[in-house]
Amino acid sequence: MKATKLLVIIGTLLVLGLIIYFPGRKLAREHVNYETAVQNHPLSCISCHYYTQRTGFISKLINEDYLSPFNLTVSKDGRRLFVIAQDANELLVVDADKKNVLHKIKVGIHPHSVILSENGKIAYVSNQWSDNVSVIDLASSKVVDSLKTGNGPAGLALSADGNFLYAVNAFGSNLSVINLKTKEEINRFSTGNNPTGIALSKVSKELYVTSRRQNPVAYGEPLVSDFTVVNDSTQKLKKYISMNNAYLMENVAFTPSGDLALTALTRPKNLVPAIQVERGWMMNDGIGIIEQKPNGKVVQLLIDEPNSYYSSLFDVVISPNGKKAFLSSSGVDYISVVNLDSIRNIIANTSPQMLKRLANNLGTSSRFVTKRIKTGAVPKGLALSPNGKLLYVAEMLDDKIGVINTETLEKIYTIDLGGPKRITIARKGRRLFNNAAHTFQNQYACYTCHPDNHEDGLEYNFASMGRNIVNVISLREIADTPPYKWSGKNQSVYKQDGMRFSKFLTRTESFNYEDLDALVAYIKTGIKLPPNLMYNKDGKLTESQLRGKEIFNRSVDNLGKVIPKKSRCVTCHPSPYYTNLKLEDVGTLSKTDDSILFDTPNLNNIYASAPYLHDGRAKTLEEIWTVYGGDDNHGRVNDLSKIELNDLVNYLKSLRGSNYEKSSLKTQHASF
Amino acid sequence: MKKTDIIKQTKLTAMIIVVFIIGTLSYNLSAQNKKPNQNKMPIYGHWKNFTSNDGLPSNKTYCVRIDGKRVLVGTNKGLAVYENGKWKTYTIKDGLAHNGVLAIDVSKLTGDVWLGTMGGLTRWSAGKFENFTQLNSGMPNNLIYAVICDAKDVWVATGGGAGKYDTYTKQWEIFTQQNAPMHEPWTYGVCEGDGKIFIAAWGGGVVEYTKKTKKFRDYTDPDGKMEIDLFPDDGLVHDITTGTSWANGYLWVATYFGLSRYDGVHWKGYFDHDSGLTSNFINYVRAVGSIAYLCTDKGLSTTDGKNWVNYTTNNSSKNGKATIIVGTKKTELAMIPSISHNFVLGVDVSNHTIWLATSRGVSRGELLK
């Protein structure tokens, strides 16, 4: 009897299980197919629902607190390395001989660069997300002071007399001059757009400041990025040097004799159809060379080879004898060694016309690149030992320092900084994000068009024949703001980065599902939004911003008329992401666009995302309405006075990440 | 009265006397600081005139600014720069917002040149031009009559209100009748002094903005809309103001109906009929040290508030004169050649030279020993 009952129960459960299993599996299959846009992705719940947890216990379980060494410098005696651990917000003091970390010094948020005082007793660390520089007494390994800077300090340099500190403000696009005696900022110069690198020529006493984003140019014009030259003696701007068709100039270095300045750069062909990637012509990597003499030439030479590109150039350092330059390509994990005498010969013996052509010539690198040295994952900052015999490489996503013998040009060992040994799924995704191996000929990585997980400020022609030119969208807060693409055709990050990505952008085999899972896990969990310290430091809005907020939320215009719901700012741009996640018509479709509606973009930190609108036609937020808002299709604005429009723009500039608005919200866990 | 009370009272009296003496001394010292310069008025001569024949893009010049070893001149056909004895012109082809350059100032901090044009504001920084317009930025209006650099801020007086640009935050603040005591948004001049900004507001007199408190107050003509100055020295001489300039504790205000000076307490008016002012129609004022330089339709007047030196030309020839007025004594000094034209729109001075922007080119004078 009992056995019969048991059999009935088991049978019932089995039937119920089967009833649930098949429709359930079918539903799950449909769900996965929808999210991934493919039919055969493994039915694994953890792909999307486990590795994409951003807060709480599971997040802690699946992630690690990595160090992510970003930049570094070496003490004068060569015995100590000072390493920026960007994700740990620390400066690591490393014993170069014993190869171990001696001290971990907490600095500000998202540190960028480190330099030492002339006597080697003080270290200065720029804290990009704190808007200050930490002053560290190296004898006690303690932060003893904090120097206020502009917005987003990155590269640092000391004046020749050591009395002044120059801090490059990457977000503010200017250069702070700080008097180290009074500890006050005494001046701030405008620079090129989004500067990061700075170097002082010991010969000319001139400072060169790089820029990563292009200058604002008329819509459809080729890009130009600027070097800013400052006279250290007079502390005055001297000139700007234009780098045509180039951007992402991360760092700059001078030869010891002062005859050349070198910068790493990228040459995008953003205005020609992206299909050109198949012809090896979409995104090139090179060096910019500026001769340091009257009427000196400004030359660009590619370090790429015809079938192998060296994507995402970051740092450049020059040997003490001025014969070799070393460049880190963080998109392919290589150091390129450049013979500078060959460069000098090319410049001296080539006509200006031919030099101009060489800027696009993939064959030239064979004349001056003498060696490619493999490194760990994502090499960033470089530093030479004082005698020039050792090159230290910050292997960012390995948490290690690679050490290269500059005579044999071989990597001889690594220094483990003590980061987690486990490589998490998101960490793997971050490596993929930074690596160009998934693009035809390694031309570019996700990071190239999305530096700092943001956007590069360019418009691209992703289709052909000039149709559908699109402004690159930031990846910050991307996980919470589907759908994707300006047309909103992609309902998930998975689809955005899957088959379509390889078909239209990379022109190579698509990511396998394991890699795609990892990439999506990183993009959905590992990207943080910087604070908006320029326009909304503490959540207290200015009077103008408050007035702008009222305009943003208003339902009645200045004439007393009720504004139709679809014409109110807040309707399409509700908090916390200031997007309703829907498609809208804002009246900016151009004749060369397919007939589409536009995905409503996220507005947090919108101040840092110029140019604006789907094709980047608006150079500033104001232009969205003063030039392209004449018909009130993009919100009701034509009743506003200029003061009111300024208030609205000031409010928009104050918008910041939802994590900064809600102090009670659990902060995103860990680094990736 | 108790002895202690007497002592207390004596102490109090003594304190009052001391405070009174200190106060009186301070007032006198302050007054002395504002007294007209006892030194002689500077007299300029050896005029050298530059016209389109010498390399200027146009004879219609609007403004002039001395910038170290070079001189910047705003014309109706671009910016002219005089350096090493040669003129070089920059126009919209080089990146200017508009060829009509009405105002120029140079940032002492950065060396950037700020150009107010008829089509926007241009920053000329180390050879690079960057334009701010009412369309691409929060700037109030493209028609810019005056521009000044005040530390990190740049102020403009425009046809659509005054504007302040913070070069650090890259944000504009606009001041019009909507948020400031102005009669209408039209503003002609702006200057800085004593922690304040003084805006010459067309029809609205002078609008004073205290930087520390961010509060406004205005100064208007007590005689209202009357075209005559009914009660002398009771305030601004007229509400239609064309320029302001502050130096040595004095605010000088130019109007088309005379000149006003304000010492922080008292106003004083100057007219062509009761002072040495050469004309009531004043296009522009610039005060340097104790001297105010007044660009009028009938030549250049210079004054320390008491004495005058006026520079005029005989428009039919190259000759002219300097008229020196000390008290009631008037003397004339022949100037051959003289200033280029009597319609003067701009002036700037350095240690030993003076430059004028006129309707017939620019004039350079040297300080006579």
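Any read-out appearing in this document is the output of simple, stated calculations on the displayed coordinates, not a laboratory observation. Note that this is a predicted model, so its numbers are computed, not measured. When we count neighbours, we look across all protein chains shown, and the Cβ atoms used for this are built from the backbone with ideal geometry, even at glycine.
Quick notes
- Normalised per residue, the volume of the convex hull around the Cα set of the protein assembly as shown (Å³): 278 Å³
- With a 10 Å cut-off around each Cβ of B:126-138, the average count of Cβ atoms from other chains is 6.
- Taking every residue in A:613-626 and counting other chain Cβ atoms within 10 Å of its Cβ, the average works out to 2.
- Three semi-axes of the equivalent ellipsoid, the stretch B:180-254, Cα gyration tensor, whole Å, largest first: 20, 14, 11
- For A:640-650, mean number of other protein chain Cβ atoms within 10 Å: 5
- Note on B:LYS86: lysines with a C-alpha under 22 Å away, same-chain residues under 8 apart excluded, are A:LYS238, A:LYS239, B:LYS48, B:LYS60, B:LYS69, B:LYS77, B:LYS128.
- Partner lysines for A:LYS421 [C-alpha distance under 16 Å; skip if fewer than 8 residues away on the same chain]: A:LYS60, A:LYS400
- 0 to 90° range, to nearest 10: angle between helix B:3-34 axis and chain B longest Cα axis: 20 degrees
- Think of it as helices only: each DSSP H run of n ≥ 4 in the protein assembly as shown is worth -39500 (n - 2.57), and spread over all residues that comes to -5000 deg cm²/dmol at 222 nm.
- Note on A:ARG547, A:ARG279: ascending count of other Cβ atoms within 10 Å places them as A:ARG279, A:ARG547, the fewest first.
- Percent of C-alpha pairs per 5 Å bin in the stretch A:163-258, short distances first: 3, 14, 24, 24, 18, 10, 5, 2, 1, 0.
- Point-charge dipole on Cβ atoms (K/R +1, D/E -1) for the stretch A:543-661, about Cα centre, debye to 20: 240 debye
- Principal semi-axes of the equivalent ellipsoid, √(5λ) from the alpha carbon gyration tensor of the stretch B:81-163, are 20, 15, 11 Å from largest down.
- By average C-beta atoms within 10 angstrom, highest first, the peptides B:329-340, B:124-135: B:124-135, B:329-340
- Other residues with beta-carbon under 15 Å from the beta-carbon of B:TYR62 carry, at +1 per Lys or Arg and -1 per Asp or Glu, a net charge of +2.
- Within-13-Å neighbourhood charge of A:ARG372 [Cβ basis; K, R +1; D, E -1]: -2
- Rg/Rh (Cα only; Kirkwood hydrodynamic radius) as it applies to the stretch A:56-145: 1.02
- Where the Cα pairs of the stretch A:543-661 fall when distances are cut into 10 Å bins, in %: 13, 48, 34, 5, 0
- Using the Karplus relation 6.51 cos²θ - 1.76 cosθ + 1.60 with θ = phi - 60°, the per-residue 3J(HN,Hα) values for the stretch B:327-332 come to x, 9, 8, 10, 10, 10 Hz, with x marking Gly and Pro.
- For the peptides A:122-135, B:96-109, the ranking by mean Cβ contacts within 10 Å, running from highest to lowest, is A:122-135, B:96-109.
- Protection proxy ranking of B:256-262, A:8-14 - average other beta-carbon atoms within 10 Å, highest first: B:256-262, A:8-14
- Order of B:VAL349, A:VAL493 under a 10 Å beta carbon neighbour criterion, fewest first: B:VAL349, A:VAL493
- 20 Å binning of all Cα-Cα separations within chain B, expressed as whole percents from 0 upward: 29, 54, 13, 4, 0
- A Förster radius of 51 Å combined with the Cβ-Cβ distance from A:ILE19 to A:ARG554 puts the calculated FRET efficiency at roughly 0.40.
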